[in-house]
Amino acid sequence: MSENNEETTTIGARLKAARTAKGLTIDDLQQITKIQKRYLIAIEDEQFDKLPGDFYVRAFVKQYAETVALDGNALLEEYRDQLPSVHTETIVENVDEVQPTRVASREQPASPASRVRNYLPTIIVTAIVVLILLFIWFMAVRTHAGSSSSTSADSSSVQVSSSKKQSSSSKASSSAKSSSKASSAKEQTIKANGSSDTAYTLTNGADKNKVVIKSTKAAWTSVTTNDTQTWQGTLKADGSHTLTLPSNATTVKFQFGNATATTVTINGKAFNFNPKNSTSQVRTITLTIK
């Protein structure tokens, strides 16, 4: 009886007991946390040397604990003597060995139709100018072919056509300025949902939003779009990863293993997901796209 009590006091046995009490299997836990099954088994067996590095031992243990309704920080403090120190962390060279990416994100090149739409205003203005120049040329030819008595009338026609040219150019310029003002009015914004520092809303984003994740230290990050994992991996110190969200993305969940060392930009603009300067390394942020 004493041996069983001693065994359940270990961190691995305690986590396993909490998982069993919630009726979860290892496969269920893998699906929820996105941590590989072999690492979850190694945590329960306390074979921490099978995990990718000492830092990830603590990060994965905390995520495991919070999933089975335990206080992750309290558990780490209680069993800190059983866990390796984060100062001896080993950086994983091969990201795919730690957390393989389920969906490969590739930026799609702009379609021909999109390129045509971008140049459409220029094409229209150029066509108007060409038509005006053709009209002026026609009037000049007619002037030379006509009698001297009609020279004055032809000259007036040229002046009128020049006025039309200036008017058309002015209208085109005004239209371009109006279009520019309308575009700038719809500026991308990312705001917190009320007083929350874990839920945000992105408005006026791109059709396919470009996300760049950077880290100053080794950091594990996971990105899930519409409940489907888009990317996950471990960045080296001063490393970065770029991905493009699908056009139908409505909800994006970021999971950070080292949030204080990680920064995110969306379409070239900084996403301040830590406005309250939380010191928690493991954080989950939800972004709603409208």
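The values are calculated or read from the model by the stated rules, or taken from the named source; none is laboratory data. Remember, predicted model here, so these are calculated numbers, not experimental data. Note that each Cβ is placed from the backbone with ideal geometry, even for glycine, and that neighbours are counted across all protein chains shown. Protein only, heavy atoms only, side chains kept; ligands, DNA and RNA dropped before computing areas. Shrake-Rupley method; radii C 1.70, N 1.55, O 1.52, S 1.80 Å.
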*First in the stretch 15-30 and in contact (Cβ under 8 Å) with a residue 40 or more places away in the chain and more than 14 Å from ALA42 (Cα to Cα), second anywhere and open to solvent by less than 60 Å² (accessible area, probe 1.4 Å) and assigned to a helix (DSSP H, G or I), Cβ under 7 Å, 6 or more apart*: ARG19/LEU29
*Output the number of residues of the stretch 236-263 satisfying the condition of being farther than 14 Å from LYS217 by Cα and of a type in the set (A, V, I, L, M, F, W, C).*
5
*Which members of the stretch 31-64 meet the condition of being part of a loop (DSSP other than H, G, I, E, B) and either of a type in the set (A, V, I, L, M, F, W, C) or without any contact (Cβ under 8 Å) to a residue 60 or more places away in the chain (or both)?*
ILE35, ASP45, GLU46, GLN47, LEU51
*Of all the residues that make up the stretch 28-40, how many are touching a Ser or Thr at 6+ places or on another chain (Cβ under 7 Å) and exposed (fewer than 14 other Cβ atoms within 10 Å of the Cβ)?*
1
_Pairs, first on the phi > 0 side of the Ramachandran plot and open to solvent by 10 Å² or more (accessible area, probe 1.4 Å) in the stretch 218-236, second among the aliphatic types (A, V, I, L, M) and modelled with pLDDT of 90 or more, C-beta under 8 Å, six or more apart_ = ASN226/ALA249
*Can you name the residue in the stretch 41-99 that is open to solvent by 30 Å² or more (accessible area, probe 1.4 Å) and among the hydroxyl-bearing types (Ser, Thr, Tyr) and is also modelled with the highest pLDDT among such residues?*
THR67
*Filter the stretch 10-27 for residues that are part of a helix (DSSP H, G or I), open to solvent by 60 Å² or more (accessible area, probe 1.4 Å) and not aliphatic (A, V, I, L, M) and give the result.*
ARG14, LYS16, THR20, ASP27
*Output the residue which, of all residues in the stretch 240-283 that are β-branched (Val, Ile, Thr) and under 16 Å from TYR56 (Cα atoms), is surrounded by the fewest Cβ atoms within 10 Å (Cβ to Cβ).*
THR260
*Considering only the stretch 206-290, give the strands (runs of 3 or more DSSP E) lying wholly within it that have at least 3 residues that are of a type in the set (A, V, I, L, M) and within 20 Å of SER196 (Cα to Cα).*
283-289
